[in-house]
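Engineer: Please find one structure pasted underneath; my questions will follow.
Derivation of every value follows stated rules applied to the coordinates shown; laboratory data play no part. Because the structure is a prediction, the values reported are computed rather than measured. Heads up, the Cβs are rebuilt from the backbone with ideal geometry, glycines too, and the neighbour counts pull from every protein chain shown.
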2 protein chains.
Amino acid sequence: MTGTVRIGVAGLGTVGASLIELLARHETTITARAGQRLVVTAVSARDRSRDRGIDLSGMTWFDDARDLATAGNVDVVVELMGGSEGPARDLVTNALKNGRPVVTANKALLAEHGNELGVLAEEHGVALGYEAAVAGGIPIIKALKEGLAGNDIQRVYGILNGTCNFILSEMRSTGRDFADVLAEAQALGYAEADPTFDVEGIDAAHKLALLSAIAFGQQVDFSRVTVEGISTISPIDIAYADEFGFRLKLLGVAERIGDTVTERVHPFLVSLDDPISKVEGVNNAVVVEGDFVGRTVLEGPGAGGGATASAVASDLIDVATGRFSPVFGIPASALRARQDGGSDEPHGRFYISLKVEDRPGVIADLAAVLRDHAISIESLLQRGKPEGGTAPIVVICHDAPESRVLAALKQIEGMDCILQNPHMIRIKDL
Amino acid sequence: MTGTVRIGVAGLGTVGASLIELLARHETTITARAGQRLVVTAVSARDRSRDRGIDLSGMTWFDDARDLATAGNVDVVVELMGGSEGPARDLVTNALKNGRPVVTANKALLAEHGNELGVLAEEHGVALGYEAAVAGGIPIIKALKEGLAGNDIQRVYGILNGTCNFILSEMRSTGRDFADVLAEAQALGYAEADPTFDVEGIDAAHKLALLSAIAFGQQVDFSRVTVEGISTISPIDIAYADEFGFRLKLLGVAERIGDTVTERVHPFLVSLDDPISKVEGVNNAVVVEGDFVGRTVLEGPGAGGGATASAVASDLIDVATGRFSPVFGIPASALRARQDGGSDEPHGRFYISLKVEDRPGVIADLAAVLRDHAISIESLLQRGKPEGGTAPIVVICHDAPESRVLAALKQIEGMDCILQNPHMIRIKDL
């Protein structure tokens, strides 16, 4: 006889509605895969009267999502409200305390409170699934926690925010500027009314913090992720990137450098040899580099109701079969605290664009500053006769430690000939 | 207190040696991830005296691998011998009968006997893991069985044989012919002395049969996979593919067409819009199209000791944690028998190259045959003045059912003007 897993869903936006549709449409196959029936028995959302195009009959309505943590007809809680505090945090915390497995798509909650929630889940011996929190439908959490668990991971990086990737793809294909394309993305529903979390890299940083915790067996520490977004990217940077054989992408990169793990989100110029350079539009892609497996790439839809519901359903099936691993792959007690940075630091090639006065000696002065910081110039481009006496210059430096480049840029900013502060973009070589 | 899982490894080639190295090097992290120590306690291989560069001290040697099925100091059997019959089959069968979990990289064994082995594993409530059997280190079995389990899969396809992909990549970049590049692949260790399984598509077909069983919830039936290899591919086909904006790839494609599932391995011209068109060299890539998730791509090393050992280790960790799913994702009793083909059949665009006499009326005759089979010509290329009065012609047809194209080709083969039988290659559109 087949048992039933009773699911309480908090949040009925596009993901919640897609999940209910998915579970209904695939009832037979999911029962076969899960070994039990998965039935949504309770729901909660802000507005009870809204027509979501799904049949909510037979489901108990809760005005306060937090009640799902203790509701009598719920075995598993699905949290799709979002937000790192407030009702979402209360619901997840109380459900776990109540010995109730939780499946969530909430990257902010886990990036901020993942350690304590992981301990709670472990103490109560229940699953806390969050496949849907990172890279939408791509099963990257499972791949890192289980599929690639035999490896020592050197680096995990990727395109983790579909909104930014859409904007950068559009800027490149149309030559339009950031603000213009952002407005289009908002009109298309790819960007929120307040786009800060996406375009300033915070959303990608939340996801990166989770990937990094799993890959490197360390506690989540979102506050230590360096975060830079794409709002300062200009069409000219994208055009130059093209010219030098790169694609400009917002990447989250977590890597072992010496004894420490560095986590950062920046716009990067990605070499065309890197498979993720070709990932366009709202897609996400994650690259995992393991010592035995080599380089593995997972690509797919990074957002959207269907893809995210697919990830939630996969976690629910795991819960139903009793097949789950610790929240970050190893027991919470074994996760290392984040190390302070050692003497090693990120290094690489760098792209620098600046506007300078068009007069003799300017390039000599710039080159001297770079030389004084032991930074070697790989390419330098100054083209044509600019209007109004200003000359845009683009420099690509050979591999150098980031701190030296930043010091050189600081000095350049103070030079008289500089009409617009230099814009530095990191180059992501394979 | 941490328990110990005692592992018996049958087969100490590059994968077996890599696995022993992996388990030794990552003992601490794997113990944390598995919740138990994974220790190789017994091994078996053909030649005891060979130096494999690994420390076998403390491991019991068995001359007959089949003894690992019942050996007293073994909890889990890892089968890395290969071959669908003989000792590998005996060992896996007897281990399962003995209630012992099995992890294998043996695609031939599972493609031929997966149904009965799946039933055995289920009867005895133990895992039969084969992540390493398909696409090397890419965790595609786990992704299909678990990570994308919420979806109805419409199609799964990919580059499943690294040897063929290497050969095709080399043929393209150097213009050399098949035999020449095959010899190089053999010298590099990318191809076996007898390359039949790889270059004739059999290895890819084994893997496809496994992916298809999981994706479509049906019994494995290798005998129903249509198999074509790459030995008939000429440099001119690859050059024309380039010219028309395609890459030539050996693909395994399993898809739902009407009520039935079609499984086939063929060389395909892949549109450059398809992410797997850019997968070069020995890499593998698998595309999964699900109704909720959309299109997901997993890419990585398809072979090699390290990548395959990574996949074996992941299965072993799952075994240690007790985290496993039925062999093909759903209980063996629920797997559907393969349906006979319905009235629907594969269709698509086709590339046809042929050599004809260079005289008036030939193209008119050819075009008439295609017209008579209701096949519409999209592009036709006849270039320059050929030497010796023969004219190579390339035709690309609009979307048409495969049977109509095959019938037309049969008629064309009988025409007087044909100097060399037409060579047809399927086009894989997105």
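Engineer: For the pairs A:LYS107/A:LYS355; B:LYS249/B:LYS410; A:LYS278/B:LYS207, flag any whose C-alpha to C-alpha distance is greater than 31 Å.
Structural biologist: Distance filter (> 31 Å) returns A:LYS107/A:LYS355.
Engineer: Between segment A:136-192 and segment B:20-86, what's the alpha-carbon centroid distance in Å?
Structural biologist: Spelled out, the Cα-based centre of one part sits 41 Å from the other.
Engineer: Could you list which residues have their amide H under 5 Å from that of A:THR60, counting only those 5 or more apart in sequence or on another chain, with H placed in the peptide plane?
Structural biologist: Correct list: A:ALA42, A:VAL43.
Engineer: If you line up the long axis of helix A:14-25 against the longest principal axis of chain A, both from Cα atoms, how many degrees apart are they, to the nearest 10?
Structural biologist: 50
Engineer: Let me have the relative contact order for chain A, percent, based on Cα pairs under 8 Å that are six or more residues apart.
Structural biologist: Relative contact order comes out at 16 percent.
Engineer: Follow-up. At B:ASP259 and B:ARG48, where each label point lies 7 Å from the Cα along Cα→Cβ, what is the point-to-point distance in nanometres?
Structural biologist: Between B:ASP259 and B:ARG48, the simple spin-label model gives 5.9 nm.
Engineer: Also, quick follow-up: Determine ³J(HN,Hα), in whole Hz, for all residues of segment A:234-246 in sequence, where each value follows from phi through the Karplus function 6.51 cos²θ - 1.76 cosθ + 1.60 and θ = phi - 60°; x replaces Gly and Pro.
Structural biologist: In residue order, the calculated couplings are 10, x, 5, 4, 5, 5, 5, 4, 4, 4, 8, x, 10 Hz.
Engineer: Can you tell me the 0 to 90 degree angle between the C-alpha axis of helix A:362-372 and the longest principal axis of chain A, rounded to 10?
Structural biologist: Orientation of helix A:362-372: about 60 degrees from the principal axis.
Engineer: For A:ASP358 and A:GLU27 in one chain, what is 0.36 nm times their gap in residues minus the Cα-Cα distance, to one decimal in nm?
Structural biologist: Length difference between fully extended and current span is 112.2 nm.
Engineer: Provide B:SER271, B:SER333, A:SER314 in ascending order of the number of other Cβ atoms located within 10 Å of each residue's Cβ, fewest first.
Structural biologist: B:SER333, B:SER271, A:SER314
Engineer: Just to confirm the filter: which chymotrypsin sites (Phe, Trp or Tyr not before Pro) across segment A:106-185 are DSSP coil and have at most 14 other Cβ within 10 angstrom of their Cβ?
Structural biologist: Sparse-neighbourhood loop chymotrypsin sites (Phe, Trp or Tyr not before Pro): none present.
Engineer: Write down the Å³ per residue value for the convex hull defined by the alpha carbon atoms of chain A.
Structural biologist: It comes to 148 Å³ per residue, whole-number rounded.
Engineer: Using a Förster distance of 45 angstrom, determine the FRET efficiency expected from the C-beta separation of B:ALA374 and A:SER84, and round it to 0.05.
Structural biologist: Computed FRET efficiency for B:ALA374 and A:SER84: 0.15.
Engineer: Report, to one decimal in Å, the Kirkwood hydrodynamic radius for segment B:140-301 based on all distinct Cα pairs.
Structural biologist: For segment B:140-301, inverting the mean 1/r across all distinct Cα pairs yields 16.0 Å.
Engineer: While we're here: Relative to the longest principal axis of chain B, what angle (0 to 90°, nearest 10) does the C-alpha long axis of helix B:86-97 take?
Structural biologist: That helix lies at roughly 50 degrees to the long axis.
Engineer: Here's a follow-up. Sorting B:THR60, B:THR28, B:THR226 on the 10 Å Cβ count, fewest up front, what's the list?
Structural biologist: Fewest-to-most Cβ neighbours within 10 Å comes out as B:THR28, B:THR226, B:THR60.
Engineer: Continuing with the same structure: If we hang a label 7 Å off Cα along the beta carbon direction at A:ALA183, how far is it from the matching labels on the other copies, in nm, shortest first?
Structural biologist: When each copy's label point is compared with this one, the spacings are 6.5 nm.
Engineer: So which trypsin sites (Lys or Arg not before Pro) in segment B:1-65 end up in coil per DSSP with only 13 or fewer other C-beta atoms within 10 Å?
Structural biologist: Qualifying residues, ordered by number: B:ARG46, B:ARG48, B:ARG50.
Engineer: Could I ask something else about it? Measuring nothing but label to label, 7 Å from Cα along Cα→Cβ, what are A:SER403's distances to the other copies in nm, shortest first?
Structural biologist: 7.3
Engineer: Let's test this: bin the Cα-Cα distances of segment A:217-342 at 10 Å from zero up to the farthest pair and state each bin's percent.
Structural biologist: Spelled out bin by bin, segment A:217-342 gives 10, 28, 38, 20, 4, 0 percent.
Engineer: Still on this structure, I have one more. Using a basic spin-label model with each label point 7 Å from the Cα along Cα→Cβ, how many nm lie between B:ILE236 and B:GLU123?
Structural biologist: The answer from the label model is 5.7 nm.
Engineer: Continuing with the same structure: When a footprinting reagent is the concern and you count Cβ atoms within 10 Å, what order do B:VAL279, B:VAL287 take, fewest first?
Structural biologist: Ascending number of Cβ neighbours within 10 Å: B:VAL287, B:VAL279.
Engineer: Projected area of segment A:357-430, taken from the Cα convex hull and averaged over every viewing direction, in nm²?
Structural biologist: It is 5.2 nm².
Engineer: What number, rounded to the nearest 500 deg cm²/dmol, is the helix-based mean residue ellipticity at 222 nm of chain A, given -39500 (n - 2.57) per DSSP H run of at least four residues and division by all its residues?
Structural biologist: That calculation yields -10000 deg cm²/dmol at 222 nm.
Engineer: To continue, here is another question. Taking each label point as 7 Å beyond Cα in the direction of the beta carbon, state the distances from A:PRO346 to the same residue in the other copies, shortest first, in nm.
Structural biologist: Copy-to-copy label distances at A:PRO346, shortest first: 4.6 nm.
Engineer: What does the convex hull of the Cα atoms of segment A:111-202 come to per residue, in Å³, rounded to a whole number?
Structural biologist: 147
Engineer: Evaluate the relative contact order of segment A:347-428 (contact order divided by residue number), counting alpha-carbon pairs under 8 angstrom at least 6 apart; express in whole percent.
Structural biologist: 50
Engineer: Nearest-5 percent of antiparallel DSSP beta bridges in chain B?
Structural biologist: Antiparallel: roughly 65 percent of the beta bridges in chain B.
Engineer: Using the reciprocal of the averaged 1/r over all distinct C-alpha pairs, how large is the Kirkwood radius of the protein assembly as shown in Å?
Structural biologist: 29.0
Engineer: If you don't mind, there's one more thing I want to ask. Excluding residues fewer than 8 places away in the same chain, name every one of the aspartates and glutamates whose C-alpha is closer than 15 Å to that of A:LYS142.
Structural biologist: Excluding near neighbours in sequence, the set is A:GLU131, A:GLU299, A:ASP315, A:ASP318, B:GLU131, B:GLU146, B:ASP315, B:ASP318.
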